[in-house]
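Read the structure below first, then the notes.
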Amino acid sequence: MWKYKGTADAERLRRLQTTAPFDDIAARLSREMEIRCCHTQPCDDKRGYKRIVYCVNVNEEVFDAFFNSQSGYRGAYFQSPEHGLHATELLLQIVRPRLLASMRTLCPSEDPEFAAASISSPSAKAWLAEPRSICAECEGEWDASKRASLEIANGRWECGADIRAEWGRQAYLFSKVCFFGAILNSGGEEYVALHKQGRANDISKRGWA
């Protein structure tokens, strides 16, 4: 079951209820995204580790299909954590060439070899832009107090009392997507914070991590 409750115009509901394969959604996102910025971000809790971060703009229709539709990114995690991880891997395979090619003009001072390693490693991921921005271009549209006019009702996410379930069932209509590379050290060793090691299960269970 995957339905919507709340207020939305008929055209938005029609689009959300039209099932498109995830690889088609990912391919459209890659074609239409406007890459706004890229940064190397130091790890706050592991000295000597860092990751590459990209922020892109897409139109709201693409964001909606990607983030809120049953066949989109979170919908894949709803099927199972394994489906979600596969969708993440597929998405990054599709967008990675454009992200890396953009660095020559967008952020020429960043290390392209590190960026390629970071965005290609297993814990790389995608998500909406949150307030913990690095620059004005990637300033997040989401904050914890926001509620969407439309919510996802799938028999699981609306049942949780956890605040993450409250956020997870919101069908936010935004326009920024961030791609986060894996956190690596100079030797290419990967670090995943303890509270992020259950990310796939968290999204599957609550719609949020």
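Check Y49, Y54 and return the single one that is modelled with pLDDT of 95 or more, buried (at least 17 other Cβ atoms within 10 Å of the Cβ) and under 19 Å from S175 (Cβ atoms). Just one listed residue meets the conditions, Y54.
Applying the condition of being β-branched (V, I, T) and either surrounded by 18 or more Cβ atoms within 10 Å (Cβ to Cβ) or touching a residue at least 40 places away in the same chain (Cβ under 8 Å) (or both) to segment 88-125 and asking which residue is farthest from A65 (Cα to Cα) yields I119. For A129, the conditions (1) crowded, with 17+ Cβ neighbours inside 10 Å; (2) within 21 Å of L91 (Cβ to Cβ); (3) out of contact with any Gly (no Cβ under 7 Å at 6 or more places or on another chain) are fulfilled apart from (3).
Per the listing R51, R15, the residue uniquely in contact with a strand residue (DSSP E or B) (Cβ under 7 Å, 6 or more places away or on another chain) and not aliphatic (A, V, I, L, M) is R51. For segment 12-26, give me each residue that is under 22 Å from R169 (Cβ atoms), part of a helix (DSSP H, G or I) and not aliphatic (A, V, I, L, M). Those that are under 22 Å from R169 (Cβ atoms), part of a helix (DSSP H, G or I) and not aliphatic (A, V, I, L, M): R12, R14, R15, F22. For segment 27-51, a tally of residues being of a type in the set (A, V, I, L, M, F, W, C) and part of a helix (DSSP H, G or I) returns 2. Just for segment 183-206: of the residues that are buried (at least 21 other Cβ atoms within 10 Å of the Cβ) and not β-branched (V, I, T), which one is nearest to C43 (Cα to Cα)? Step by step, filter segment 183-206, then rank; the result is L184. Summed over segment 171-209, residues that are over 24 Å from V58 (Cβ atoms) and of a type in the set (A, V, I, L, M, F, W, C) total 5.
Condition check ((1) more than 15 Å from the chain's Cα centre (by Cα); (2) hydrophobic (A, V, I, L, M, F, W, C)) across all residues:
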| residue | (1), (2) |
| --- | --- |
| M1 | yes, yes |
| L13 | yes, yes |
| F22 | no, yes |
| Q41 | yes, no |
| K50 | yes, no |
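Does segment 126-138 contain at least one residue that is in contact with a Ser or Thr (Cβ under 7 Å, 6 or more places away or on another chain) and of a type outside the set (G, A, S)? So far as segment 126-138 goes, no, none of its residues is in contact with a Ser or Thr (Cβ under 7 Å, 6 or more places away or on another chain) and of a type outside the set (G, A, S).
The conditions of being of a type in the set (S, T, Y), surrounded by fewer than 19 Cβ atoms within 10 Å (Cβ to Cβ) and closer than 15 Å to W127 by Cβ are not met by S149. Residues in segment 5-36 that are surrounded by fewer than 18 Cβ atoms within 10 Å (Cβ to Cβ) and not charged (D, E, K, R): G6, T7, A10, L13, Q17, T18, T19, A20, P21, A27.
The values are calculated or read from the model by the stated rules, or taken from the named source; none is laboratory data. All figures in this text were calculated on a predicted structure; none of them were measured in a lab. Ideal geometry is used to build each Cβ from the backbone, glycine not excepted, and the neighbour counts take in all protein chains shown.
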